[in-house]
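Engineer: Please find one structure pasted underneath; my questions will follow.
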Amino acid sequence: MGAETARPPGLEPRRHPFWDRVEAIGLRIPYTVKLVAVWVALFLVLALAFAGAHFDTAWMRANAWFIIRGVWVTVFIAVVSIIFSIILALLGALGRLSKNPVPYGLAGFYTSFFRGTPLIVQLYLWYLGLAQIGVNLGGVWKTYFVLSAVQAGILGLSLNYGAYMTEIFRAGIQSVPHGQSEAAEALGMTYRQRMRRVVLPQAFRVIVPPTGNEFIAMMKDTALVSLLGTSIAWADPFRRATLLGRADFRSLEALVVAAVMYWVLTGVFSFFQRKLENRLAKGYVRTSGAPAPKDRRPRFLPGSAGGGQGGGGMMVEIPEPDTGREAPPG
Amino acid sequence: MRKSTIKLGFVLLAAFTLVAAACSKSKSGGGGGGTAASTPAATGMCATVDQNGTDLLAAVCRAGVLRVATDPAYPPQSSYDETTGTWQGFDIDVATDIAKRLGVQVKWVTPAWDVITAGHWSGRWDLSVGSMTITAERAQVLDFSTPYYYTPAGIAVQKGSPITSFDQLSGKSIGVCGACTYEYYLERKLDIPGYTPTYVIPQDVKIVTYDTDSTAIQDLVLGRLDAVMSAVPTLQAAIDKGKPIQLLGDPVFYEPLAAAADKSAPEDPTSFIQAVSDIITQMHQDGTLTQLSMKWYKTDLTVNPLG
Amino acid sequence: MTGNQAVVRVENLHKSFGELEVVRGVSMEVHQGEVVVMFGRSGAGKSTVLRCINFLEDPTSGWVEVDGIRLTGGHRTRAKREQIRQLRIRTGMVFQSFNLFPHMTALENVIEGPVTVKGMAPEPAKELGMRLLERVGLADKAEEYPIRLSGGQQQRVAIARALAMEPKVMLFDEPTSALDPELIGEVLAVMRDLAMGGMTMIVVTHEMGFAREVAHRMLFFNDGIILEEGTPKEIFENTRHVETRKFLDAVL
């Protein structure tokens, strides 16, 4: 195209016949097949590593059930802790947004301390430090301050994650357009009514994806609780793995089983999180008509961003931290 | 509305988990995996104790339960068999017997080892029967009973290792469990009251600490260490489980192992640990300890090697 | 009905944003049943005055009185916040960007005020809401979410939402400025209808046609003050100030 005039160097069209061929072949393979192939290939690599390590698979099979059974502890501690964390994060966020120096200062100190010290140190503080205070004060303090490992774990995780999630909640609340607050105020709503009816429900949608991620991360941090010395009844997969591994000198095999268990667990919860996000998308996305032709990603495979972004038309701008992958071109 | 059913689901889930927690909650340091029932044979020592006293012994007798800290994965001293839901081991049997002779039930508690040796248990459990060596440092925070057995400490190397004598350990790496007497021995800082150890290991060994003996042994097998120092029964257990290691030479020292109570316990532990000591002396005299030692170690470790 | 009651009174209002004084001494009165149009260049201060009336902006000096509640600017104590709230309950505001609540249907938007603020029971509130939606011509869209409505439809729902509180005065802040041209008409029709029904209205707008037809009085804002005021006839045909004429020529 165009006359054969001399072109400056750099404007010569680049040619890569090899990659052109690869792309041409690639275009003919459906997206799903390619995605599945990637996962299969990666699992093959893992399998090779597995085989190369010469694990005692018989031992793993014999003890897997004992290790896996502890997963209810993980879920329990994580669920209870995330609930408390959400409450703390909401209070912290409102504090950080407050013009009143008292809540602002409190929230600032809270986030600074609990984000600034390691989680394991905090857990020991609650388990050992608080207990010592209780014993020294005596009486009723002793009963309430000497916590079990699980109780100290829940307390520590709640406070720690609440501090991190304060930022998530604050950003979520601030993402609600100011006009919404104004409209609510113009109707004569009080601060509380405004928050409850207008701001927080809208902030909720922005807050859910990163909160879901925090929950999934927390499920793995619950393993730290076992370092405080939980009982057998309250032993999570990590504790069970370390105990069995230690006793039979098979720590690596035991920990691999525990790792797989955590992986499956996070996979399951990631799936449910995506469902929740899609359900929350109503009211923000036009669901009339078929999904946009470019979005051929299948909805059922792990790792694919869920639907809910299909269709043209008006969509309120919501930041999507993790799931906002664009549809693949072509 | 769909949204409110999701919210309702969360609320129910939260309520359920909180209720489940309340039902299975226990305030002591982690709760026990199960209680070992002790058949109340003759009247225990508690029968002669003033139950209204304010000391730890009275408190234990009043409660009818002895809370014992033990390690759930330290065979053959102590381990938890999940298929039967029972505790097994030398330390387990000794502690069970102590409780029986006191006239109370046993409740097992499983805190972390360094939490036990640090003292300041905050009243979470009463007694530690965990093959703990009496050292002067520990004696500052814990009250020890009479030793109930003596364990030899030894060195293990890889099977077929070229190291055949202690001198050849010079400059080599030795793995030990952290905060264990073996670490102090290698550092030549071992302080056992009434016992002066002879240091036969070269001073220039590289000491590598681990959270537990088992991890150190696994590293020895992998070749990351040249040797491991630990209790001989532990090393022997590894050999019996097929680990390619072998003992090097004779035991380098003998440690007296005793039960311990917390010096800073909310109730005064003096009379309590005295009672435990008396019971242990009894167990030495009537042959119970020897019997248990033979059962678990195939050899009598309860005789004081120092006379 | 006392037709000459002043529903809204503003006296010597000043508003500064930092160093910049945007409203430099505005006084006005709006009587019951009056439709007052405020017009002028952007930045002349008309929207600011409107937003001071329901205290979405805080006056730097001067006072505002709505339905007998007189307030000045300044620190908002708990008691004052409640007074402001009472004042706002008596005003209804329609925003340039509609500001409908996206997580509620049209009907839910409309009844939100009566139910949450006035404690009305849901059933009578729904009836009221449907009546108002009918009045703005959107009864069939009651169960739709705002995302599925056109701009003009959203603004009409917003008007219904404000009306649901049965305000003494309706405040319109450039209600059609964000609309596509073909949608402006339907909103203006609703506003005209309201005016004919006797609603007291203060409207900030550039729609001169609407002003000429519906307004009782027009206020020309220039540089933070009311430069000229009068009936539409006076403003359009007997313009007194050169600035007013310049503006009208530019807009018409």
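Engineer: Run the 1.4 Å probe and let me know the accessible area of C:H216, rounded to the nearest 10 Å².
Structural biologist: Ignoring ligands and nucleic acids, C:H216 comes out at about 90 Å².
Engineer: Shifting gears a bit: Distance from the Cα centre of region A:69-103 to that of region C:195-252, in angstrom?
Structural biologist: About 55 Å separates the Cα centre of region A:69-103 from the one of region C:195-252.
Engineer: Residue by residue, what Karplus-based ³J(HN,Hα) values in Hz, rounded to whole numbers, does region A:100-111 have, using 6.51, -1.76 and 1.60 with θ = phi - 60° and x for Gly and Pro?
Structural biologist: 7, x, 5, x, 4, x, 4, 5, x, 5, 4, 5
Engineer: Okay, moving on. Over region A:61-201, what is the relative contact order in whole percent, taking alpha-carbon pairs under 8 Å and six or more residues apart?
Structural biologist: Once normalised by length, the contact order is 31 percent.
Engineer: In Å², and per residue, what accessible area does the protein assembly as shown have when probed at 1.4 Å with the other protein chains present?
Structural biologist: Per residue, the protein assembly as shown has 47 Å² of solvent-accessible surface.
Engineer: Moving on. Taking every residue in C:137-148, how many Cβ atoms of other protein chains lie within 10 Å of its Cβ, on average?
Structural biologist: Taking the mean over all residues of the peptide, I get 2.
Engineer: Separate question: At what distance in nm do the modelled label points of A:K275 and B:Q88 sit from each other, each positioned 7 Å from its Cα along Cα→Cβ?
Structural biologist: 4.3
Engineer: Quick one: if you stick a label point 7 Å off each Cα along the C-beta vector at C:R192 and C:K80, how many nm between them?
Structural biologist: 4.3
Engineer: Taking amide hydrogens as modeled 1.01 Å from N in the peptide plane, which residues meet the under 5 Å criterion relative to C:L13, leaving out close sequence neighbours?
Structural biologist: C:G25, C:V26, C:S27
Engineer: Something else now. What's the FRET efficiency of C:R240 with C:L20 using the Cβ-Cβ distance as r and R₀ = 22 Å, to the nearest 0.05?
Structural biologist: 0.20
Engineer: Here's something else I'd like to know. Give me the accessible area buried between chains A and B, both sides summed, with a 1.4 Å probe, in Å² rounded to the nearest 100.
Structural biologist: So the total buried area for this chain pair works out to about 3600 Å².
Engineer: In peptide A:225-238, how many Cβ atoms from other protein chains are near each Cβ within 10 Å, on average?
Structural biologist: 6
Engineer: Next question, about the same structure. What percentages make up the Cα-Cα pair-distance distribution of chain C when the bins are 10 Å wide from 0?
Structural biologist: Result, from short to long distances: 7, 30, 36, 22, 5, 0 percent.
Engineer: Report, in order of residue number, the helices in chain C meeting two criteria: a C-alpha extent of 20 Å or more along the helix axis, and a mean Kyte-Doolittle hydropathy of at least 0.0; treat each whole DSSP H run as one helix.
Structural biologist: Taking the DSSP H segments of chain C (at least 20 Å long, mean hydropathy at least 0.0), we get C:181-196.
Engineer: If you average the sequence gap of Cα pairs under 8 Å that are 6 or more apart and divide by the length of chain B, what percent do you get for the contact order?
Structural biologist: RCO, chain B: 23 percent.
Engineer: May I ask you to compute the full-extension gain from C:E127 to C:S177, defined as 0.36 nm times their residue separation minus their alpha-carbon distance, rounded to one decimal in nm?
Structural biologist: Gain on stretching C:E127 to C:S177: 14.9 nm.
Engineer: Per-residue ellipticity at 222 nm for chain C, helices alone: DSSP H runs ≥ 4 residues times -39500 (n - 2.57), over residue total, nearest 500 deg cm²/dmol?
Structural biologist: Roughly -11000 deg cm²/dmol at 222 nm, from the helical runs in chain C.
Engineer: Could you grab the Rg to Rh ratio for region B:152-255? Cα atoms only, Kirkwood for Rh.
Structural biologist: Using only Cα positions, Rg/Rh for region B:152-255 is 0.93.
Engineer: Also: Could you list which residues have their amide H under 5 Å from that of C:V94, counting only those 5 or more apart in sequence or on another chain, with H placed in the peptide plane?
Structural biologist: Correct list: C:L171, C:F172, C:D173.
Engineer: With each pseudo-label sitting 7 Å past Cα toward Cβ, what's the A:A51-B:D204 distance in nm, one decimal?
Structural biologist: A separation of 4.7 nm, rounded to one decimal place.
Engineer: Follow-up. With all protein chains present, calculate the accessible area of A:W234 using a 1.4 Å probe and round the result to the nearest 10 Å².
Structural biologist: Approximately 20 Å² of A:W234 is accessible to the 1.4 Å probe.
Engineer: Compare B:K172, C:K15 by solvent-accessible area with a 1.4 Å probe and give them largest first, with all protein chains kept in place.
Structural biologist: Sorted by accessible area, descending: B:K172, C:K15.
Engineer: Hey, can you rank B:120-130, C:56-66 by average C-beta count inside 10 Å, highest first?
Structural biologist: B:120-130, C:56-66
Engineer: Taking 4 °C and 1.567 mPa s as the conditions, I'd like the Stokes-Einstein D for the protein assembly as shown in µm²/s, using the Kirkwood hydrodynamic radius from alpha carbon pairs.
Structural biologist: 38
Engineer: To continue, here is another question. From the phi of every residue in region A:202-212, what ³J(HN,Hα) in whole Hz does the Karplus formula 6.51 cos²θ - 1.76 cosθ + 1.60 yield, where θ is phi - 60° and glycine or proline is x?
Structural biologist: So the Karplus estimates, Gly and Pro as x, are 6, 5, 3, 5, 6, 7, 4, x, x, 5, x Hz.
Engineer: Quote the accessible area belonging to C:M199 in square angstrom, nearest 10, computed with a 1.4 Å probe and with ligands, DNA and RNA left uncounted.
Structural biologist: 40
Engineer: Also, quick follow-up: In what order, largest first, do B:V60, C:V117 sit by accessible area if the probe radius is 1.4 Å?
Structural biologist: These residues rank, largest area first, as C:V117, B:V60.
Engineer: Given a 1.4 Å probe and heavy atoms of the protein chains only, how would you sort C:E243, C:E228, largest accessible area at the top?
Structural biologist: C:E243, C:E228
Engineer: Given a cut-off of under 8 Å on Cα pairs at least six residues apart, what relative contact order in percent is computed for region B:211-290?
Structural biologist: Result for region B:211-290 is 15 percent.
Engineer: If you don't mind, another one. For B:K172, list long-range residues whose amide hydrogen, built 1.01 Å from N in the peptide plane, is under 5 Å from its own amide hydrogen.
Structural biologist: B:K206
The values are calculated or read from the model by the stated rules, or taken from the named source; none is laboratory data. All figures in this text were calculated on a predicted structure; none of them were measured in a lab. All Cβ positions, glycine included, derive from the backbone under ideal geometry; neighbour counts span all protein chains shown. The accessibility values were calculated without ligands, DNA or RNA, using every heavy atom of the protein model including side chains. Shrake-Rupley method; radii C 1.70, N 1.55, O 1.52, S 1.80 Å.
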